[in-house]
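Working notes, structure below.
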């Protein structure tokens, strides 16, 4: 099996050597061939887009390896949603995922079960966020507050004059600081 090793350090003062050493030893014990090493140094894990992570994902699409090994989940992704998106991509490409420290291997039944549980937790998290957002909006409306974008205020006479002068709806919108669709709705609504 060909494996890609991914390591990340948050600051450039830190060294990925400990992560790499343990992953290399693990790959050797498993009899895997190291197809590549991808190291993001001095980059926060909160960023979904990182140079070496992007290269790893591109190479996964090219099928340059069969497995991705990381020292720990948080070296790869800081959010469950980012981790699950990447794992879904790997699954669709037939690429396994191993987290050395957590002893998670998506090729094993226990690893697959763990990822299923993580997926369920992420789905619950998304549902709770939606529920809290809707409850907050309902509460704001009950208290008489406007929810959503601020209402655009436009002068119908000014719109009519600008349109009559030959300006397009997009140009009128740009001149008045509103979208072309707002101008279109006002013009079609026959407000003048």
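Readers should treat all values here as calculations from the given coordinates under stated rules, not as data from a laboratory. Keep in mind the model is a prediction, meaning the values are calculated, not measured. A quick note on method: Cβ atoms are made from the backbone with ideal geometry, for glycine too, and the neighbour counts reach across all protein chains shown.
Some notes on this structure:
- Put in line by how crowded their Cβ is, counting other Cβ atoms within 10 Å and starting with the fewest, 146, 82 read 146, 82.
- Cα gyration tensor, segment 2-110 - rounded (a/c under 1.5), prolate or oblate: rounded
- Only one item in (1) -0.57, -1.21; (2) -0.35, -1.42; (3) -0.29, -1.44 matches log10 I(q)/I(0) by the Debye sum over Cα atoms at q = 0.09, 0.19 Å⁻¹ derived from the coordinates shown, and that item is (1).
- When the helices of the chain are scored as -39500 (n - 2.57) per DSSP H run of n ≥ 4 and the total is divided over every residue, the value at 222 nm lands at -17000 deg cm²/dmol.
- With contacts taken as Cα pairs under 8 Å and at least 6 residues apart, segment 103-192 reaches a relative contact order of 16 percent.
- Relative contact order for segment 147-192: 37 percent, from Cα pairs under 8 Å spaced at least 6 residues apart, divided by residue count.
- As a calculated quantity, the FRET efficiency between residue 128 and residue 74 at R0 = 25 Å, using C-beta atoms, amounts to about 0.70.
- A rounded overall shape is assigned to segment 153-192, the ratio a/c of its alpha-carbon gyration tensor axes (a ≥ b ≥ c) being less than 1.5.
- Under a Gaussian network description of the chain, with springs only between Cα atoms under 10 Å, the residue in 69, 60, 135 that fluctuates furthest is 135.
- The length gained on full extension between residue 11 and residue 138, counted as 0.36 nm times the residue separation minus their Cα-Cα distance, comes to 41.4 nm.
- Proxy reagent accessibility, fewest Cβ within 10 Å first, across 55, 132: 132, 55
- Computed over the chain, relative contact order equals 16 percent, with contacts defined as Cα pairs under 8 Å that lie 6+ residues apart.
- Per-residue Cβ neighbour rank within 10 angstrom, fewest leading, 1, 57, 169: 1, 57, 169
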